[in-house]
1. With respect to the numbered conditions (1) surrounded by fewer than 17 Cβ atoms within 10 Å (Cβ to Cβ); (2) assigned to a strand (DSSP E or B); (3) touching a strand residue (DSSP E or B) at 6+ places or on another chain (Cβ under 7 Å), which one is the sole condition not fulfilled by Pro134?
2. Kindly indicate whether Phe95 is modelled with pLDDT of 95 or more and either in contact with a Leu (Cβ under 8 Å, 6 or more places away or on another chain) or among the β-branched types (Val, Ile, Thr) (or both).
3. Which of the residues spanning region 202-221 are touching a Ser or Thr at 6+ places or on another chain (Cβ under 7 Å) and not in a strand (DSSP E or B)?
4. Could you please find all residues in region 101-129 being aliphatic (A, V, I, L, M) and over 26 Å from Leu276 (Cβ atoms)?
5. Of the conditions (1) farther than 22 Å from Cys177 by Cα; (2) open to solvent by 30 Å² or more (accessible area, probe 1.4 Å), Arg74 satisfies every one except a single condition; which number is it?
6. If I filter region 301-316 down to residues being touching a Phe, Trp or Tyr at 6+ places or on another chain (Cβ under 8 Å) and not in a loop (DSSP other than H, G, I, E, B), which single residue comes out as surrounded by the fewest Cβ atoms within 10 Å (Cβ to Cβ)?
7. Quick one: in region 165-184, which of the residues that are among the aliphatic types (A, V, I, L, M) and touching a strand residue (DSSP E or B) at 6+ places or on another chain (Cβ under 9 Å) is surrounded by the fewest Cβ atoms within 10 Å (Cβ to Cβ)?
Amino acid sequence: MVQIEELAVMVQKSKHLVVFTGAGISTSSGIPDFRGPKGVWTLQRAGKGVPDASLPFHRAAPTLTHMALVELERAGLLKFVISQNVDSLHLRSGFPREKLAELHGNSFKEVCPCCKTEYLRDFEIETIGLKDTPRRCADKNCGARLKDTVLDWEDALPPEEMNSAEEQCRTADLVLCLGTSLQITPACNMPLLSIKNGGKVAIVNLQATPKDKKASLVIHGLVDKVIAGVMCILSLRIPPYIRTDFIQLLLRHTVKKKCVRWTLRVTSVHGMRAPLSFLRSIEVSFPDRSDMKPVVLMEQPFSLQRETSMTSIFSMLLTLKFSDGCGCSSSSIECHVNFQKQKESFVRDRSLVLQELKCTAERQSRAGQQSILERESLPRAETSIHAFVTNIIRYDAEDLKVADPKGSWMNSGSSTSSNLAKRLVEGASGYSASTKKLKC
């Protein structure tokens, strides 16, 4: 359509493109928005309660639009993203943190109030409102109690995020607003800073917004569909989303006469208190030992205790059963155990290993690949960290096919999910393909 072609030209000609996003870019991932036809506030005003989502919040995958923004940044066209969402999908997509301002916080991120170190988690932080969390800063010289980053209603926008967002809008020659109704202040006024300095504003959203009359281009329709069209016109490929998750294996043993009492623990790399949200259960078996019974571990933290002979040498097969929202049902790790021989310690290049895993997953068009990242061996303990590809989603720009996960994070009973209506996620929807263009 003409409006999409016009938007593509604006993006291509822009020297400093900034994208301003709201909840409407995440609805196709299964996360409800706020003001759309099936949004949180829309249904609540109609007396219909909180809407369901289509999958657990922590397993939501970036949408076609999220991944398109990643490619636009890689191509040098997109300079910065300002987000009002707390769903972490921009960071999960691989978008650079240094080019992102999260105005309302991130449900999956903690920050150290002393040294300002950020910790991105694969689980929802237990609190909102900039409160203390159960964890502490990992820096040995700090150790301060961490805080969540999601704003409550009375909280002011974080100065660091606010200042960088305003500076980018003033510098931008084009601010592209995607999936936002532009009604939450003061954030909604940021895109207009571009106009004051001679730039332009373009808006893609289902409903009309209060800022439409000031925009150079307005398209009312599905954000994913519009952005898919723009990417096609620009001859840019939308990369697949490939998710990796991590576990830590700890094998300790004590010697008692001629026997060895050993304990296996499978935990998050974030510590014992952190849940492994992508795991449902772990099957532990011993392929070469018929005298050692297999067991299924169902409760976290996953732990197994056994006693064997000091001279026993055996293989232990761990079959990890993945939870809903993952792109495959399971993956396996085989461990060779010999208590009389200490293994070598090593640390592999994490970025290189993860890149190899993702390339393999994309080439094979499936998830489930795994690799060891590091191992630390002590006389009576061995710790290793493993990475898994737990999801791969390809985005068809022609028919917008995306994964259809199962589950419901809105009704999952978690404290953070039940508090979603308090989170300052800016709302807009994407359910209609009708279009309309307005110019000032």
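1. Condition not satisfied by Pro134: (3).
2. Details: modelled with pLDDT of 95 or more: yes; either in contact with a Leu (Cβ under 8 Å, 6 or more places away or on another chain) or among the β-branched types (Val, Ile, Thr) (or both): yes.
The answer is yes for Phe95.
3. Asn205, Leu206, Gln207, Thr209, His220, Gly221
4. Across region 101-129, the qualifying residues are Ala101, Leu103.
5. Unmet condition: (1).
6. Gln305
7. Taking region 165-184 and keeping what is among the aliphatic types (A, V, I, L, M), we get 165, 172, 174-176, 178, 182, 184.
Now narrow it down to the ones that are touching a strand residue (DSSP E or B) at 6+ places or on another chain (Cβ under 9 Å): 165, 172, 174-176, 178, 182.
Working: Ala165: 26, Ala172: 28, Leu174: 23, Val175: 27, Leu176: 28, Leu178: 25, Leu182: 27.
Here the answer is Leu174.
To keep it simple, each residue is scored yes or no on (1) open to solvent by 10 Å² or more (accessible area, probe 1.4 Å); (2) in a loop (DSSP other than H, G, I, E, B); (3) over 30 Å from Ala381 (Cβ atoms); (4) modelled with pLDDT of 95 or more.
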| position | (1), (2), (3), (4) |
| --- | --- |
| Leu193 | yes, no, yes, yes |
| Asp224 | yes, no, yes, yes |
| Val230 | no, no, yes, yes |
| Gln248 | yes, no, no, yes |
| Thr254 | yes, no, no, no |
| Val260 | no, no, no, no |
| Arg265 | yes, no, no, yes |
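The values are calculated or read from the model by the stated rules, or taken from the named source; none is laboratory data. As the structure is a computational prediction, the values presented were derived from the model and not from experiment. Here Cβ is always computed from backbone atoms with ideal geometry, including for glycine, and neighbour counts include all displayed protein chains. Note: accessible area is taken over every heavy atom of the protein model, side chains too, but ligands, DNA and RNA are not part of it. Shrake-Rupley method; radii C 1.70, N 1.55, O 1.52, S 1.80 Å.
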